[in-house]
């Protein structure tokens, strides 16, 4: 079964401020490569670059632009990347209304619905909740 990966999983791989989440995120990606179960939405790659290259209060960016570019290239070579289309956009609009999701969460959910994926890995939704045909699992809930 293929699983959609949210941006926060990718970012935690490079964020040492919460070592338990960093370790879990890295393990998830390693297993996803080994069993070919993970899919990355284009949205997560775009958000990843922004998240890891922006300066944070009292801290530098997690990665330089060059490092972020290299890691995104690596993600793209290791995982299938799913791209948006008009139907995903329309489904996201429906998800905003039906589930009261913020835009980017609704858009992520729409990728899963459109591509027939039954699970999203994310800490940004209610863990275990079913949205349409897609269940969300927070891989950090027990940390």
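Summary of computed values
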read-out: Residue exposure sequence - 109, 103 - by fewest surrounding Cβ within 10 Å; value: 103, 109
read-out: Nearest 10 degrees, 0 to 90: helix 19-35 Cα axis against the chain principal axis; value: 60 degrees
read-out: Gaussian network model of the chain, Cα within-10 Å springs - most flexible of 66, 113, 36; value: 66
read-out: Bridge type composition, segment 3-137 - antiparallel percent by DSSP, nearest 5; value: 25 percent
read-out: Acute angle (nearest 10 degrees) that the helix 103-115 long axis makes with the longest principal axis of the chain, alpha-carbon atoms; value: 70 degrees
read-out: Cα-based convex hull volume of the chain per residue, rounded to whole Å³; value: 110 Å³
read-out: Over segment 10-58, equivalent-ellipsoid semi-axes from the Cα gyration tensor in Å; value: 21, 16, 5
read-out: Order of 96, 76, 1 under a 10 Å beta carbon neighbour criterion, fewest first; value: 1, 76, 96
read-out: Full-extension gain in nm, residue 87 to residue 35, via 0.36 nm per residue minus C-alpha separation; value: 15.8 nm
read-out: Per-residue Cβ neighbour rank within 10 angstrom, fewest leading, 15, 60, 105, 6; value: 60, 15, 105, 6
read-out: The chain: angle of helix 86-99 to the longest principal axis, Cα-based, in degrees nearest 10; value: 80 degrees
read-out: Contact order normalised by residue count of the chain, Cα under 8 Å, 6+ apart, percent; value: 26 percent
read-out: Label zone at residue 129, where the point sits 7 Å out along the Cα-to-Cβ direction: segment 1-18 residues whose backbone N lies under 19 Å; value: 4-9
read-out: Inter-part distance where segment 1-43 and segment 86-140 are each reduced to a Cα centre, Å; value: 17 Å
read-out: Two-site label geometry, residue 65 and residue 20: point separation in nm, points 7 Å out along Cα→Cβ; value: 3.7 nm
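Just so you know, all these numbers are worked out from the coordinates, no wet-lab data involved. Remember, predicted model here, so these are calculated numbers, not experimental data. Heads up, the Cβs are rebuilt from the backbone with ideal geometry, glycines too, and the neighbour counts pull from every protein chain shown.
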